[in-house]
Amino acid sequence: MGQFYSSAGTSPDLNCLQRWPPGSQIGGFSSPLALPSTEQNDEGLLDFVDFTFSLPDECLASIFRFLNSGDRKICSLVCKRWFQVEGQSRHRLSLNAQDEILPFLPSLFTRFDSVKKLSLRCNRKISRINDDALSLVSIRCRNLTRIKLSGRFQLTDMGIAAFASNCKTLKKFSCSSCTLGGNSINALLKHCSTLEELSLKGLRGVIAGNEPIVPGAAAASLRSILLKDLADGLSLIPLIMGSKNLKALKIIRCQGNWDDLFQLFGNGNAMASLTEVHIERIQVSDCGVSAISNCLDLEILHLIKVWDCSNFGLARIAEHCKKIRKLHIDGWRINRIGDEGLMAIAKQCLDLQELVLIGVNPTCLSLSLLASNCVNLERLALCGSRVGDEEIACIAAKCKSLKKLCIKGCPISNIGIESLAWGCPNLAKIKVKKCKGVTGEIKEWLVEKRTSLSVNWDVEEIDHLDASSSDAGSAREVAILEPRPMETGVEAPVAGDGRLTILKTTLGLLAGRSLMACTFGRWSNTTPDSSSSI
């Protein structure tokens, strides 16, 4: 393919193929599949035949979908037809929305008029992308279902309302670092009756307005709400409580006392339908955590650096939420969650498949009970914990279904790793990171003993581990925030600590980002990202 025949004797029969119309080519040839025919035109030059000319546009567009963004851009330069088909078949588009792109927006969205997923991002302090640009997007991209705005765009309530009125089929709206008020959010929810996912991150300015923020026309369609780094996120409680079919709720580093929200769960409202809850660095006591147990269908729970949560709250969740499949706990090394809470999980949550413990110190007592009761436990991560060789040997002996094991920053030695050579018969992958007592020689020995085992090894020293959802890390975080020491006995539910907890939450917003965004993120099998960028 791409080679030209020099004589008629080696050229195939091209009489049955149609010739590309004159003047339609860009460059020397109409396409890389063009071959010279044996006939000459009036100027004495050979005519070229395009093998893709008889291929329907739909088939050509289907082929383009298998290419990455760079290859698609190269293909669009081949000829006018490929240029047109590639633009009309591109459903995902990501633009670096700098000021220089403003004059080209009309021609861009004339070409890419079939875009369904659009991302506009800007790294500058202030972008000139305003209401007019957003209105142009909504007019040209009538099939838009997902949009992500990331940057300090100059948007007003009227601009968001005009955008929402044109994009009534929108299913996902994500906004980060924009100046978005309560009126804008209400306008969006009023017009987009099919909205399923709403993500608000680091909004600038005051969200609360004269009118409460309610789900409006999206009350029945909203499935997921993400609130992150909001100063007045409590003003969105009516929105959360009014979402009738909400399945996932994520609240990350938002100020205020959130006990009031969670204590409303189960009082005849729709919050009982929640299957996923992610709370991180927010002010929630055992009262609020215990109230989450009213979500009887809960399957995924992330408790990340919730300082006031103890064994009592975790035991209440285990008592009622028996369908939990994935549990992530970052205890931040303050020993408020330990064997007692984990044993409650082992006794009640028998369908547990994934367990991530960071800054939590389980012993053989809780680990053996988890292994014997949770027979479907396939993924286990122990990070920044005081887990030694004895606990690793317990895991190797009793976790028969375990497939993936992650050990980070734990005081284990080669002896603990040796036990994995004979135990965990279904173990397929193991990660050992930042464990100073483990040497490189044991890796070669383990690979030799278990040839089918995938081993990821890094034994460098580590200073700090956490499970926050941020993107970067900082070791200064431990020095800035000093949690309370372990209290003896089981705590009864108490309200938040007032000024002290608010101070912790506020400092958490300013502290460094995490080193571990997701422990199992790289283990999951994901399809290549097909999003396009220009």
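The values are calculated or read from the model by the stated rules, or taken from the named source; none is laboratory data. This is a predicted model, so every value here is computed, not measured. As a convention, Cβ positions derive from the backbone with ideal geometry for all residues, glycine included, and neighbour counts pool all protein chains shown. Remember, those area values only see protein heavy atoms, side chains included, never the ligands or the DNA or RNA. Shrake-Rupley method; radii C 1.70, N 1.55, O 1.52, S 1.80 Å.
Please go through the range 333-356 and pick out each residue that is in a loop (DSSP other than H, G, I, E, B) and within 19 Å of G409 (Cα to Cα).
Answer for the range 333-356, where residues must be in a loop (DSSP other than H, G, I, E, B) and within 19 Å of G409 (Cα to Cα): R333, I334, N335, I337, G338.
Which numbered condition trips up S285, out of (1) closer than 21 Å to A371 by Cα; (2) touching an Asp or Glu at 6+ places or on another chain (Cβ under 7 Å); (3) of a type outside the set (D, E)?
(1)
Report every pair of residues separated by at least 6 positions or lying on different chains whose Cβ atoms are under 6 Å apart, first residue within the range 97-122 and in the same structural domain as Q154 (by the TED database) and under 19 Å from L170 (Cβ atoms), second open to solvent by less than 30 Å² (accessible area, probe 1.4 Å) and in a strand (DSSP E or B).
Close Cβ pairs (under 6 Å, with a partner that is open to solvent by less than 30 Å² (accessible area, probe 1.4 Å) and in a strand (DSSP E or B)) amount to A97/L120; F112/L93; V115/L93; L118/L93; L118/I147; S119/S94; L120/L95; L120/L149.
Please work out if I334 is out of contact with any Cys (no Cβ under 9 Å at 6 or more places or on another chain) and either surrounded by 24 or more Cβ atoms within 10 Å (Cβ to Cβ) or at pLDDT below 95 (or both).
Here the answer is yes, as I334 does meet what is asked.
Condition check: over 30 Å from R281 (Cα atoms) and at pLDDT 90 or above. Does I430 satisfy that?
no
Inside the range 443-458, can you point out the residues that are out of contact with any strand residue (DSSP E or B) (no Cβ under 9 Å at 6 or more places or on another chain) and of a type in the set (A, V, I, L, M, F, W, C)?
W445
Yes/no per residue for (1) basic (K, R); (2) open to solvent by less than 40 Å² (accessible area, probe 1.4 Å):
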{"site": "N166", "(1), (2)": "no, no"}
{"site": "T169", "(1), (2)": "no, no"}
{"site": "L180", "(1), (2)": "no, yes"}
{"site": "N183", "(1), (2)": "no, no"}
{"site": "A187", "(1), (2)": "no, yes"}
{"site": "C192", "(1), (2)": "no, yes"}
{"site": "L195", "(1), (2)": "no, yes"}
{"site": "K201", "(1), (2)": "yes, no"}
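Just checking: which of the helices (runs of 4 or more DSSP H) contained wholly in the range 384-450 hold 2 or more residues that are within 30 Å of K305 (Cα to Cα) and open to solvent by less than 60 Å² (accessible area, probe 1.4 Å)?
Passing ranges, in order: 389-398, 414-419.
Among the residues of the range 293-331 satisfying the criterion of being assigned to a loop (DSSP other than H, G, I, E, B) and of a type in the set (A, V, I, L, M), which is most open to solvent (accessible area, probe 1.4 Å)?
Ranking the qualifying residues of the range 293-331, first place goes to L296.
Quick one: in the range 79-126, of everything that is under 17 Å from A61 (Cα atoms), among the charged types (D, E, K, R) and in a loop (DSSP other than H, G, I, E, B), which residue is least open to solvent (accessible area, probe 1.4 Å)?
R90
Hey, could you check the range 75-95 for residues that are without any contact (Cβ under 8 Å) to a residue 60 or more places away in the chain and within 30 Å of the chain's Cα centre (by Cα) and say which is nearest to V137 (Cα to Cα)?
Of everything passing the filter in the range 75-95, H91 is nearest to V137 (Cα to Cα).
Can you say whether I462 is assigned to a loop (DSSP other than H, G, I, E, B) and either crowded, with 17+ Cβ neighbours inside 10 Å or at pLDDT below 90 (or both), as far as the supplied structure shows?
yes
Conditions first: (1) part of a helix (DSSP H, G or I); (2) modelled with pLDDT of 90 or more; (3) not aromatic (F, W, Y). I147 passes all but one, so which condition is the exception?
Every condition holds for I147 apart from (1).
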